[in-house]
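The structure appears below as structure tokens.
Every number here is computed from the coordinates shown, using simple stated rules; none is lab data. Note that the structure is predicted; figures quoted are calculated from it, not measured. All Cβ positions, glycine included, derive from the backbone under ideal geometry; neighbour counts span all protein chains shown.
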Amino acid sequence: MQEPNELIKNLVEKHGRTRNALMPILQDIVAAKQYLDPSDIAMVAEELDLSAADVYGTATFYTFLDTVPRGKNVIRVCKTISCYMSGKDEIINALEKVLNIKVGETTLDKQFTLLTANCMGWCHKGPVMLINDDVYHSLTPETAIEIVQQYKEKSKN
């Protein structure tokens, strides 16, 4: 992985120095590092000639721009009314039990973080969860556990 200063300079070079470049730069930092730390926010602000408060406000507004370290596998369960009616609470309960954490927490081994998120665009196939960039729909508590077990197995190899 690149040094943070080098990464941000390369992203500014790639996306430009306009306000419109802010989101793609923040997204690319999160893709590279899994989260934005305060020094990333300060450097992006400096590079784009924006206030740190503006960059921080943008970063904290969007669910997928994490400003705290997360686990290797970030599980986001949709919390909209559609998924609620389809059984999202049962999915969350099953995941909390199998991971031994609550929503908002990360496992001790730093492999999993469990979060909720607003609509993922799969309302017709709820309940839905996203693990990193992979979408899983039409879940039951059993299938959610099976999917997490597959990720656990991958991390052992």
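Quick notes on this structure:
- Close amide H pairs (under 5 Å, H built 1.01 Å from N) link residue 112 with 72, 73, 107, residues at least 5 positions away or on another chain.
- Each label point was placed 7 Å from the Cα along the Cα-to-Cβ direction; for residue 135 and residue 27 their separation is 1.5 nm.
- Label of the coordinate-derived value, volume of the Cα convex hull per residue in Å³, listed as [x] 119; [y] 133; [z] 105: [x]
- The relative contact order of the chain comes to 19 percent, based on Cα pairs under 8 Å that sit 6 or more residues apart.
- Using θ = phi - 60° in the Karplus curve 6.51 cos²θ - 1.76 cosθ + 1.60, the 3J(HN,Hα) couplings for segment 129-145 round to 9, 10, 10, 6, 10, 9, 9, 10, 10, 6, 6, 10, x, 5, 5, 4, 5 Hz; x is entered for Gly and Pro.
- Backbone amide hydrogens, once placed in the peptide plane, bring residue 117 within less than 5 Å of 77, 78, 79, excluding anything fewer than 5 places away on its chain.
- Counting DSSP beta bridges with both ends in the chain, the antiparallel % (nearest 5): 55
- Summarising the strand pairing of segment 73-156, around 55 percent of its internal DSSP beta bridges are antiparallel.
- Relative contact order of segment 73-156, pairs being alpha-carbon contacts under 8 Å that are 6 or more residues apart, as %: 38
- With a Förster radius of 35 Å applied to the beta-carbon distance between residue 152 and residue 35, the computed FRET efficiency rounds to 0.95.
- Estimated vicinal HN-Hα couplings, Hz - segment 73-78 in sequence order (Karplus 6.51, -1.76, 1.60; Gly, Pro = x): 10, 9, 9, 10, 9, 5
- In order along segment 52-63, the phi-based Karplus estimate (6.51 cos²θ - 1.76 cosθ + 1.60, θ = phi - 60°) of 3J(HN,Hα) comes to 4, 4, 5, 5, 4, x, 5, 4, 7, 6, 8, 4 Hz; Gly and Pro are listed as x.
- Neighbour-count order for 44, 68, 135, fewest beta carbons within 10 angstrom listed first: 68, 135, 44
- FRET efficiency, residue 54 to residue 97 (Cβ-Cβ, R0 30 Å, nearest 0.05): 0.15
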